Amino acid sequence: MAGATVKDVYSSDTTGVDYAVRLPSWEAALQTASAATTEPPLPKGISRRKRYYRITSTGKEGSVTCLSITDALWTDPPGTAVSIPVLGSGSAAAATLQGNTGERRRNI
């Protein structure tokens with residue numbers, strides 16, 4: 001993770017519990033995020049749900065953590081426009097949302 005980070009509430013859909021996760025502040029700005037205060041950390045064995053994007057000008061792909069399954073970042077259809085900061089440039093690039101990967105839980 002490069003840049004400033006924040007600790008926000010991640011709502012697990014496999015356990016039904018809210019957890020505190022650290023993520024880049026620009027990822028939190030893409031969605032409805034609330035600061036974590038008393039939530040426990042995300043346990044090992046739970047892989048966060050991800051939403052993928054493609055930067056329009058370069059074709060570069062990346063992913064962001066979705067904090068809740070009710071957030072627009074998770075529910076918006078593929079092709080929805082978003083702005084993604086470009087490392088080192090200090091500006092945002094136009095991107096479109098692609099697919100997603102749901103939360104996974106391993107038994108360990």
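Values quoted throughout were computed directly from the atomic coordinates according to the rules given, and no laboratory measurement underlies them. These numbers come from a predicted model, not from an experiment. FYI the Cβ positions are ideal-geometry reconstructions off the backbone, even for glycines, and counts take in every protein chain you see.
Look at the Cα gyration tensor of the chain: its axes a ≥ b ≥ c give a/c of at least 1.5 with a/b over b/c, and that counts as prolate. Antiparallel beta bridges, as assigned by DSSP with both residues in the chain, represent about 95 percent of the total such bridges. Within the chain, the longest run free of exposed loop sites, counting trypsin sites (Lys or Arg not before Pro) that sit outside DSSP helix and strand states (H, G, I, E, B) and have at most 15 other Cβ atoms within 10 Å, spans 61-105. In the chain, taking the dipole from charged Cβ atoms about the Cα centre, the farthest positive-side position among Ser25, Pro43, Val6 is held by Pro43. Charge dipole of region 5-105 (Cα centre as origin; +1 on each Lys and Arg Cβ, -1 on each Asp and Glu Cβ, all else neutral): 360 debye, rounded to the nearest 20.
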